[in-house]
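Inspection log for the structure reproduced underneath, given as C-alpha cells.
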Amino acid sequence: MLNGKPLICVSSDIRRYDADNRRMIHELHDTYSNAVFNAGGIPMITCGLCAEEMADLCDGLLLTGGGDIEPFRYGQENTRSVAIRPERDQAELDLCKAYLEAGKPILGICRGSQLINVCMGGTLWQDLLEQKGWVHMNGAIRHDIYTEEGSILRKLFGEQFKSNSTHHQAVKDLAPGFHVTARSIEGIIEAYEHDTLPIYATQFHPERLTGILWDDRTPDYKPWFEYFVNLVKEHASK
C-alpha cells in the first residue's frame, strides 16, 4: 500500500528485438495501467524478473493479454498456436505461482485468463475457428455474455450484457478449484472465479471498454476494476 492505495503488479509483454535475439523489449498497452489507476490503484509494470520480490512488494497481480502460451505447458503439441513468447510464459508463470504462494489477489485478462488456467492445471483450445468453427477474433464484434448466478459479474452487470471479442484461443478444461461465471452463446468460458482464493479472470477485454475507450455498446467496465482494486486493498489491510 502507498498513500492508502494498493500497488498492483501489471505484467508486460516480453519479446526479442535485435538480430541476434540477445536483447529483450518489454511493452504494455496503457489501457491496463489506466484501468488500474482510474479504479484507485497504483499500477507497477513488471520487468519479467524478481517474481517473489514483486509478490512481496505489490498487493495484487494483473496478468494481461497478448500472444499464445506454449502448448507443451498444458500437455499439447503445437497445432495452431502463434505469437509465442517463451520468456513471457515463464515470467508470468513465475509471477502467478509467487502470488498464489503469497495468497494475494490475481486478475487475468484474455491471455492472462488462459495463463492462470494453465498454471493451475487446465487446458486451452488452440484455435476456436479451426477446432470449433467459432469466430471470436474480431475487434468490431460486441457479443452477448451470460453470467452465472452468484458471480461478481452478475452482481455488477446483470444476467446478460455485451462485451468485446478479440481472441482465437480460450479455456478448454477449467483447472481444479475454479468455477465458470460467464459464457458466450456458444458456450465459450468468458469468465471464471476460484472457489476459495481471490482469483478472477475474463476472456474478454474490459480494460478496452472503460474510460475514454468506452463506446456505449457495452457496460462501462470501471466497476470491474474497482471491485478488484478494493479487494486487493482489503487483503492488504488485513
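The values are calculated or read from the model by the stated rules, or taken from the named source; none is laboratory data. Computed from a predicted model, the values in this text were never measured in an experiment. Glycine also receives a Cβ, built like all others from the backbone with ideal geometry; neighbour counts cover every protein chain displayed. Ligands, DNA and RNA are excluded from the accessible area calculation, which covers all protein heavy atoms including side chains. Shrake-Rupley method; radii C 1.70, N 1.55, O 1.52, S 1.80 Å.
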Revision key, fill the gap. Every listed condition ((1) over 17 Å from Leu128 (Cα atoms); (2) open to solvent by 70 Å² or more (accessible area, probe 1.4 Å); (3) out of contact with any Ser or Thr (no Cβ under 8 Å at 6 or more places or on another chain)) holds for Gly75 save (3)
Exercise for review: Can you confirm whether region 186-202 contains a residue that is surrounded by fewer than 16 Cβ atoms within 10 Å (Cβ to Cβ) and hydroxyl-bearing (Ser, Thr, Tyr)?
Suggested key: yes
Check your understanding: If we scan region 37-53, do we find a residue that is outside any loop (DSSP other than H, G, I, E, B), open to solvent by less than 40 Å² (accessible area, probe 1.4 Å) and free of Cβ contacts under 8 Å to residues at least 24 places away in the same chain?
Key -> no
Check your understanding: When only residues in region 6-28 that are basic (Lys, Arg) and open to solvent by 80 Å² or more (accessible area, probe 1.4 Å) count, which is farthest from Asp59 (Cα to Cα)?
Key -> Arg22
Revision key, fill the gap. In region 169-198, anything touching a His at 6+ places or on another chain (Cβ under 8 Å) and in contact (Cβ under 8 Å) with a residue 60 or more places away in the chain is listed as Phe178, Ile188, Tyr192, Pro198
Review point. Of all residues in region 203-226, which are open to solvent by less than 70 Å² (accessible area, probe 1.4 Å), modelled with pLDDT of 95 or more and not in a loop (DSSP other than H, G, I, E, B)?
Key: Pro206, Glu207, Pro223, Trp224, Phe225, Glu226
Practice item. Please specify each residue of region 28-51 satisfying the condition of being over 18 Å from Lys222 (Cα atoms) and in contact with a Ser or Thr (Cβ under 6 Å, 6 or more places away or on another chain). Key: Leu28, Ile45, Thr46
Review point. Just wondering, is there one or more residues in region 72-83 that are part of a loop (DSSP other than H, G, I, E, B), small (Gly, Ala, Ser), without any contact (Cβ under 8 Å) to a residue 40 or more places away in the chain and in contact with an Asp or Glu (Cβ under 7 Å, 6 or more places away or on another chain)?
Key: yes
Check your understanding: Looking at region 1-36, which of its residues are closer than 18 Å to Lys104 by Cβ and assigned to a helix (DSSP H, G or I)?
Key -> Tyr32, Val36
**Study point:** Considering residues of region 130-183 that are at pLDDT below 95 and over 28 Å from Asp216 (Cα atoms) only, the residue most open to solvent (accessible area, probe 1.4 Å)
**Key:** Glu130
Check your understanding: Pairs under 6 Å by beta carbon, first residue farther than 15 Å from Ser33 by Cβ and charged (D, E, K, R) in region 211-238, partner assigned to a loop (DSSP other than H, G, I, E, B) and modelled with pLDDT under 95, six or more apart or different chains?
Key -> Asp220/Trp214
Check your understanding: Given the conditions (1) open to solvent by 10 Å² or more (accessible area, probe 1.4 Å); (2) part of a helix (DSSP H, G or I), which single one is not true for Asn117?
Key -> (1)
Check your understanding: How many residues are of a type in the set (Ser, Thr, Tyr) and within 17 Å of Ser113 (Cβ to Cβ) when one looks only at region 202-238?
Key -> 3
